[in-house]
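A short worksheet on the structure shown next.
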Amino acid sequence: MFRKLSSRWLKRIGALWLGCLLVLALGYFPSQAQDSAAVWEVGTEPTFPPFEMKDEATGNVIGFDIDLINAIGEAAGHPVKIISLPFDGLIPSLQSKTLDAAISGMTITAERAQTIDFSRPYFEAGLAIAVVEGNDSIQSFEDLKGKRIAVQIGTTGAEKAKEVEGATISTFDGAPLALQELLNGRVDAVVNDLPVTLYAINEANLKGIKIVGELLTEEYYGIALPKGSENLATINAALGELIENGTYAEIFGKWFAGEPPDLPEIAPALSSGTASGLDWGLLFRNLMRGAWVTIMLTFFSFLFGLIGGSLVAFALISPFKPLRWLCRVYVDFFRGTPMLVQLFMIYFGIPALFQGLGFDVSFNRFFAAVLALSLNVAAYLAEILRGGIQSIDRGQWEAAESLAMNPIETMRYVVFPQAFRRILPPLGNEFITLIKDTSLAAVIGFEELFREGQLTVATTYRAFEVYLAVAIVYLVMTSIASMVFKRLEAYMDPIGRSEKQRKAAAKPAPLGA
Ligand code: ARG
């Protein structure tokens, strides 16, 4: 057993090392983005209207930032190619130089300036609090104490919310998701950039949300570049030119009413502050906390999935045609659509639907995640169980019948024990897949293992070390699970077991006994 185990572990550790080597080797190849002299690859997170958003008609990214960077590219003689990325992926991409620049309503902060370079400020903004219209209990930053706040991951809004005492913070991948959470009644407030929340209220017709209190911060947006990038001077010169010749004001007028304010040449934030380095002890504690949530999610989803899956499996082999048909539709739907879509549908879609119908429904995050995961797992397990049961030879049923067993007894004593052995390996696979799939719950702001990693990267910008650590924790969990299932299989194997018993019996009795 030990020899077998260690060789499996050796293989796993080998695979891990191979992965690391590959990543390191890739790092040595000069990045393409830098070589192609002409085109600038510029990253953005396109759910931040009016700065960047998808044009519904054409599918292109449009917005103030996009017009501005195109104008800068034109002035500097570089065509611009826009690349869409998650907001918390922009700085790591700049660090690895897979992007030439990023323009994404990104605030110039001293922390960020330690790992990337910023152009001169191109927009003046600040953070504001948004609440639902009927809410009069929150009027200022102080009133947020102990409240539930939604923010976008990796943003200055997320940092600001951390300063609130006793608040429960949920982080989302996009500002619109955070606002949807507010509308769905699961949080009390959203801390986000004022122009974006205003735009959502006025232009995107987000009814029922208002801004309260004063601006929490004064922020300046800058174009972000890899540290030491030679394009910095070019971009600054082009930006200066556009401000001088009125092109900047023209673009400003297109997206915002009125005249642009005067911009400083250096962001005031750059005179103070330091990046929070990577604290390994803290990382470990955060990952363990996340791992616990992952385990809980897996455990409950698998449990409910198993119960549901068994019911569906029996329904699938039952003689009732409509029931069979209904279960088929269910299984096909949940197997045939991405889990991520199911998660969004259940978490954001269903409450929105009910609210549209005039009911005040919103469910708890854990419930939504477990519900979505269990429904998905049950669909897979139902097929596995059905296949297992149907793989047992007809003759077994007949033999049991001739022993005067009723169908329930036959199932209990003859068919199921044999079927169970056959379904154990695919069951184990399903369990391991589930452990990994729980990471999808991160998108609904669930702080499971992967999200904990993301949150750490969002403040330390150490993507490689942190995600490697996250991967190792997952690997440990899946390895333990696979070991447990292997053991269970060995235990359930009647041949292996009687062999063992025979060996044990053949051992000479200890002397003097
Ligand atoms: N200004 C804020 C920050 O820099 C939020 C920017 C979010 N941008 C976006 N495209 N989602 O943190």
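The values are calculated or read from the model by the stated rules, or taken from the named source; none is laboratory data. What you see is a predicted model, and the numbers here were worked out from it, not measured in a lab. Note: ideal-geometry Cβ built from the backbone for every residue, glycine included; neighbour counts use all protein chains shown.
In table form, for the structure just shown:
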| item | result |
| --- | --- |
| Residue 84 being surrounded by fewer than 17 Cβ atoms within 10 Å (Cβ to Cβ) and farther than 23 Å from residue 203 by Cα | no |
| Members of segment 103-138 that are among the aliphatic types (A, V, I, L, M), over 27 Å from the mean Cα position of the chain (by Cα) and within 12 Å of the ligand (Cβ to nearest atom) | 125 |
| Boolean, residue 188 is within 16 Å of the ligand (Cβ to nearest atom) and either crowded, with 23+ Cβ neighbours inside 10 Å or of a type outside the set (Val, Ile, Thr) (or both) | no |
| Residue within segment 226-241 that is under 30 Å from the mean Cα position of the chain (by Cα) and more than 30 Å from residue 328 (Cα to Cα) present | yes |
| Any hit, segment 380-389, residues being free of Cβ contacts under 8 Å to residues at least 40 places away in the same chain, within 25 Å of residue 492 (Cβ to Cβ), surrounded by 14 or more Cβ atoms within 10 Å (Cβ to Cβ) and among the hydroxyl-bearing types (Ser, Thr, Tyr) | no |
| Some residue of segment 35-42 being part of a helix (DSSP H, G or I) and either within 16 Å of the ligand (Cβ to nearest atom) or modelled with pLDDT under 70 (or both) | yes |
| When residues of segment 203-247 are limited to those that are charged (D, E, K, R) and more than 25 Å from residue 101 (Cα to Cα), the one farthest from the ligand (Cβ to nearest atom) | 207 |
| Options 111, 52, 124: the member that is at pLDDT 95 or above and either touching a Ser or Thr at 6+ places or on another chain (Cβ under 8 Å) or buried (at least 19 other Cβ atoms within 10 Å of the Cβ) (or both) | 52 |
| Those residues of segment 196-217 which are part of a loop (DSSP other than H, G, I, E, B) and under 21 Å from residue 143 (Cβ atoms), in sequence order | 208, 213, 214, 215, 216, 217 |
| Set 318, 310, 301: member being in a loop (DSSP other than H, G, I, E, B), out of contact with any strand residue (DSSP E or B) (no Cβ under 9 Å at 6 or more places or on another chain) and not β-branched (Val, Ile, Thr) | 318 |
| Segment 75-102: number of residues that are near the ligand (Cβ under 10 Å from one of its atoms), in a loop (DSSP other than H, G, I, E, B) and more than 13 Å from residue 61 (Cβ to Cβ) | 1 |
| Filter result (more than 12 Å from the ligand (Cβ to nearest atom) and over 19 Å from residue 65 (Cβ atoms)) within segment 191-201 | 201 |
| Helices (runs of 4 or more DSSP H) wholly inside segment 431-513 that include at least 3 residues being of a type in the set (D, E, K, R) and surrounded by fewer than 20 Cβ atoms within 10 Å (Cβ to Cβ) | 463-492, 494-506 |
| Any hit, segment 183-195, residues being outside any strand (DSSP E or B) and within 22 Å of residue 109 (Cβ to Cβ) | yes |
| Candidate set from segment 170-181 (those that are assigned to a helix (DSSP H, G or I) and crowded, with 24+ Cβ neighbours inside 10 Å); member that is farthest from the ligand (Cβ to nearest atom) | 181 |
| Total residues in segment 139-169, condition surrounded by fewer than 22 Cβ atoms within 10 Å (Cβ to Cβ) and either assigned to a strand (DSSP E or B) or away from the ligand (no atom under 15 Å from the Cβ) (or both) | 15 |
| Any hit, segment 60-69, residues being part of a helix (DSSP H, G or I) and over 29 Å from the mean Cα position of the chain (by Cα) | yes |
| Residues satisfying the stated conditions in segment 351-383, i.e. under 17 Å from residue 187 (Cβ atoms) and assigned to a helix (DSSP H, G or I) | 351, 352, 355, 365, 366, 367, 368, 369 |
